[in-house]
1. Find, among the chymotrypsin sites (Phe, Trp or Tyr not before Pro) in region 1-108, those assigned to loop by DSSP (not H, G, I, E, B) with at most 16 other beta-carbon atoms within 10 angstrom.
2. Restricting to DSSP loop positions (anything but H, G, I, E, B) with no more than 10 other Cβ atoms inside 10 Å of their own Cβ, which trypsin sites (Lys or Arg not before Pro) remain in region 60-123?
3. For THR28 paired with TYR11, estimate the spin-label separation in nm (one decimal), with each label point 7 Å from Cα along the Cα-to-Cβ line.
4. Measure nothing but the geometry: give the 0 to 90° angle between the long axis through the Cα atoms of 104-113 and the longest principal axis through the Cα atoms of the chain, rounded to 10°.
5. Fully extended, how many nm does the chain gain between ALA105 and THR78 (0.36 nm per residue separation, minus their Cα-Cα distance)?
Amino acid sequence: MKPNVHVSQTYPRLRVFEEENYLGRRRTYTGNLGIRNTDNILDGIESLRFFSTSSNATLVLFSRTRFRGSFRVLRGNTNIRDLDDFIRGNDVESIISTNQRLTLAQIREIRRTGDLPSGYRLI
């Protein structure tokens with residue numbers, strides 16, 4: 001008799017790379033989270049892949065650390081091969097990755113306070 005194997009994956013899945021075009025060292029993060037400063041991950045994040053089974057999944061990229069500055073909202077699965085100059089000519093400095101559909105009002109509140117909603121991990 002074969003043993004039962006249960007594989008559990010948490011979404012969304014955010015894979016970040018230290019070089020453009022998905023090259024170099026990489027890390028994978030799962031679940032709802034915020035990365036306060038992309039320079040503290042690897043030697044900086046230069047490209048990423050965002051995957052979720054939910055159509056509500058939201059990826060928010062900010063031009064400054066601690067979820068400040070200009071931001072860009074992406075919905076659903078996304079691959080970005082070069083994060084340089086991605087937000088109105090600015091690099092991506094902080095990121096929110098979630099399976100929830102964040103509204104613009106919620107994102108602006110996060111930008112104003114620097115605080116993530118409950119249930120999010122802070123990296």
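What follows is calculated from the coordinates using simple rules that are stated; it is not laboratory data. Because the structure is a prediction, the values reported are computed rather than measured. Here Cβ is always computed from backbone atoms with ideal geometry, including for glycine, and neighbour counts include all displayed protein chains.
1. Answer by residue number: PHE86.
2. In loop regions of region 60-123 (DSSP not H, G, I, E or B), the sparsely surrounded trypsin sites (Lys or Arg not before Pro) are ARG88.
3. The two pseudo-label positions are separated by 1.5 nm.
4. Roughly 70 degrees between the two axes.
5. Difference between extended and current length: 7.5 nm.
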